[in-house]
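The values are calculated or read from the model by the stated rules, or taken from the named source; none is laboratory data. Bear in mind the structure is a predicted one, so any value in this text is a computation, not a measurement. Cβ placement follows ideal geometry from the backbone for every residue including glycine, while neighbour counts extend to all protein chains displayed. Ligands, DNA and RNA are stripped out before the accessible areas are found, and what is left, the full protein with its side chains, is counted by its heavy atoms. Shrake-Rupley method; radii C 1.70, N 1.55, O 1.52, S 1.80 Å.
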Amino acid sequence: MKVVLENLTKIFPSRNKDGSEVVAVNNFTFEIPDGKLIGLLGPSGCGKSTTLYMICGLQAATSGKIYFGDDDVTNLEPESRGVGLVFQNYALYPHMTVKQNILFPLQNLKGEDKLSKDEMLERAYNVAKLVQIDELMNRKPSELSGGQQQRVAIARALVKMPRVLLLDEPLSNLDARLRLQTREEIKRIQKSTGITTVFVTHDQEEAMSISDMIVVMKKGIIQQIGKPQDVYDSPVNLFVAKFLGTPPINVFNGRVENGAIYIGEDKVASANGIENQEVIIGIRPEGFILKENGALKLKLANVEVMGRDVSVVSTKEESANPIIRSIIDADNKIEEGKEEVTFDIKPNKIFIFNKETEERIYLEGQTPTYVPQKEEEKVEEPALETVEETEAVEENTEE
Ligand code: ADP
Ligand code: MG
């Protein structure tokens, strides 16, 4: 089932006396392809959960439309939408067994959808098997590990055979190892059921590893949509470049001068056809090639050997961060006690950004993989003096 989100906007009325409303989701437009897993990614407070709650109907959209296939579900009650929802805190009924927890959504089905007892049990055992908890059906939630509890929550969301599965930071309460394992599980379950899924997370690595496509959000606004690798390889702005990747991208203040990119006095790459200007420069940690008399001179601070790779820690006046981190192959040898280290830069690992707007400036050989939405289409951040408008919104909000 494809899910179409059309100009979806959510404005929360002010909680404060100053009358400033919150545009939690701003003109969100995206068609989620049938059967895909979409990662909704961004920092805390950027509107991920609000987007999810509008899709499932727990929150009414201020404006915009939601379609499941060709059905307009914008004004449907959550129960009628056919969505399965899983939260960060598993929200299981503590006094019920695993089996009773999974059966619960089925026992409330009415009319045509009503199932016989045998049908319910069959469905419950089928999903339990799918998420591999069929051996635990008679336990109480308190007798399960966090990972097992989250599987029960997923089974409960799947048992009604939802048209769309929505997961809101489902792994955040698990420890690192379980998080890895459970995310593999979710991917497997999603693939085998083919249910269109939206997976919300603030963890870029999680989103990158699990998603067919990612949607990166900032302050309610979509920044970039694409396959994880495409977004990583060709970010549209500095925010996206900084948000994806561990270790994070290295950022420098520099300039374009006579068709070349300079960091301080170092000419690090060519910038054919680009006007002279000050720019922000990003270089991915894997974009450095160790070379004697290389283009970029850095002050060596530390060399950390990490098995396969070496992480070179250095500094430079023009760096926007206290340290610069370069990841190079462990075959490279750096003499101990050296004060300076020099690198050449891989042309596909260096990005430049407009100093004011922080939008990407594409170099020769670099092509955009995503074209951002136009600025005019978005809702203006409300000014503080628009008190009348705020009141009007308050009247229209049913919560
Ligand atoms: P995320 O899930 O990405 O962390 P949310 O969707 O929860 O972000 O929140 C987006 C913005 O909307 C935040 O600024 C948050 O404070 C605000 N917000 C969320 N829910 C409400 C609400 N019920 N009333 C007022 N503001 C809200
Ligand atoms: Mg949230």
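Where the second residue is open to solvent by 70 Å² or more (accessible area, probe 1.4 Å) and not in a strand (DSSP E or B) and the first is of a type in the set (D, E, K, R) and lies in the range 293-314, which pairs have Cβ atoms under 7 Å and are six or more apart or on separate chains?
Filtered contacts from the range 293-314: Lys299/Glu339.
Here's the yes/no breakdown for (1) within 16 Å of ligand 1 (Cβ to nearest atom); (2) at pLDDT 95 or above; (3) assigned by TED's automatic domain parsing to the domain that holds Ala155; (4) in contact with a helix residue (DSSP H, G or I) (Cβ under 6 Å, 6 or more places away or on another chain):
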residue	(1), (2), (3), (4)
Asp175	no, no, yes, no
Arg179	no, no, yes, no
Glu185	no, no, yes, no
Val200	yes, yes, yes, yes
Met208	no, yes, yes, yes
Asp212	no, yes, yes, no
Ile222	yes, yes, yes, no
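For every residue, the table says whether it meets (1) assigned by TED's automatic domain parsing to the domain that holds Ile195; (2) more than 14 Å from ligand 1 (Cβ to nearest atom); (3) among the β-branched types (Val, Ile, Thr); (4) out of contact with any strand residue (DSSP E or B) (no Cβ under 7 Å at 6 or more places or on another chain).
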| position | (1), (2), (3), (4) |
| --- | --- |
| Pro33 | yes, yes, no, yes |
| Gly42 | yes, no, no, no |
| Thr50 | yes, no, yes, no |
| Ala60 | yes, no, no, yes |
| Asp71 | yes, yes, no, yes |
| Leu76 | yes, yes, no, yes |
| Val83 | yes, yes, yes, no |
| Ala91 | yes, yes, no, yes |
| Leu103 | yes, yes, no, yes |
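Do any strands (runs of 3 or more DSSP E) lying entirely in the range 301-375 carry at least 1 residues that are assigned by TED's automatic domain parsing to the domain that holds Ile274 and of a type in the set (D, E, K, R), and which ones are they?
Values: elements: 309-315, 324-329, 340-345, 350-354.
Result: 309-315, 324-329, 340-345.
Looking only at the range 190-219, filter to residues that are of a type in the set (A, V, I, L, M) and open to solvent by 10 Å² or more (accessible area, probe 1.4 Å); which one of those is nearest to Val127 (Cα to Cα)?
Residues of the range 190-219 that are of a type in the set (A, V, I, L, M), as a first pass: 195, 198, 200, 207-208, 210, 213-217.
From the residues that got through so far, the ones that are open to solvent by 10 Å² or more (accessible area, probe 1.4 Å) too are 195, 208, 213.
Working: Ile195: 13, Met208: 26, Met213: 26 Å.
By that ranking, first place goes to Ile195.
Among the residues of the range 189-198, write down those that are modelled with pLDDT of 95 or more and among the aliphatic types (A, V, I, L, M).
Hits for the range 189-198 are Ile195, Val198.
When the range 162-173 is examined, which residues are found to be assigned to a loop (DSSP other than H, G, I, E, B) and within 16 Å of ligand 1 (Cβ to nearest atom)? Even if it seems obvious, please write down each step before you answer.
Here is the first cut: in the range 162-173, the residues assigned to a loop (DSSP other than H, G, I, E, B) are 162-163, 169-173.
Selection gives Glu169, Pro170, Leu171, Ser172, Asn173.
Give me the pairs, please: first residue somewhere in the range 332-347 and within 11 Å of Glu292 (Cβ to Cβ), second residue anywhere and at pLDDT below 90, beta-carbon distance under 7 Å, and either six or more positions apart or on two chains.
What qualifies is Val341/Ile334.
Right, Thr315: more than 22 Å from Gln277 (Cα to Cα) and at pLDDT 95 or above or not? Spell out how you get there, then give the answer.
Values: more than 22 Å from Gln277 (Cα to Cα): yes; at pLDDT 95 or above: yes.
Yes, satisfied.
Scan the helices (runs of 4 or more DSSP H) fully inside the range 22-133 and keep the ones with 3 or more residues being surrounded by 17 or more Cβ atoms within 10 Å (Cβ to Cβ) and more than 16 Å from ligand 2 (Cβ to nearest atom).
Values: elements: 48-56, 98-107, 117-130.
The qualifying helices (runs of 4 or more DSSP H) are 98-107, 117-130.
Open to solvent by less than 30 Å² (accessible area, probe 1.4 Å), more than 16 Å from ligand 1 (Cβ to nearest atom) and free of Cβ contacts under 8 Å to residues at least 60 places away in the same chain: does that describe Val4? It would help to see each step written out before you state the result.
Numbers: open to solvent by less than 30 Å² (accessible area, probe 1.4 Å): yes; more than 16 Å from ligand 1 (Cβ to nearest atom): yes; free of Cβ contacts under 8 Å to residues at least 60 places away in the same chain: no.
No; evaluated as a whole, the condition is false for this residue.
Does any residue in the range 88-110 that is touching a residue at least 12 places away in the same chain (Cβ under 8 Å) come within less than 8 Å, Cβ to Cβ, of a residue that is among the acidic types (Asp, Glu) and in a loop (DSSP other than H, G, I, E, B) six or more places away or on a different chain, and which pairs are these?
Gln88/Glu169
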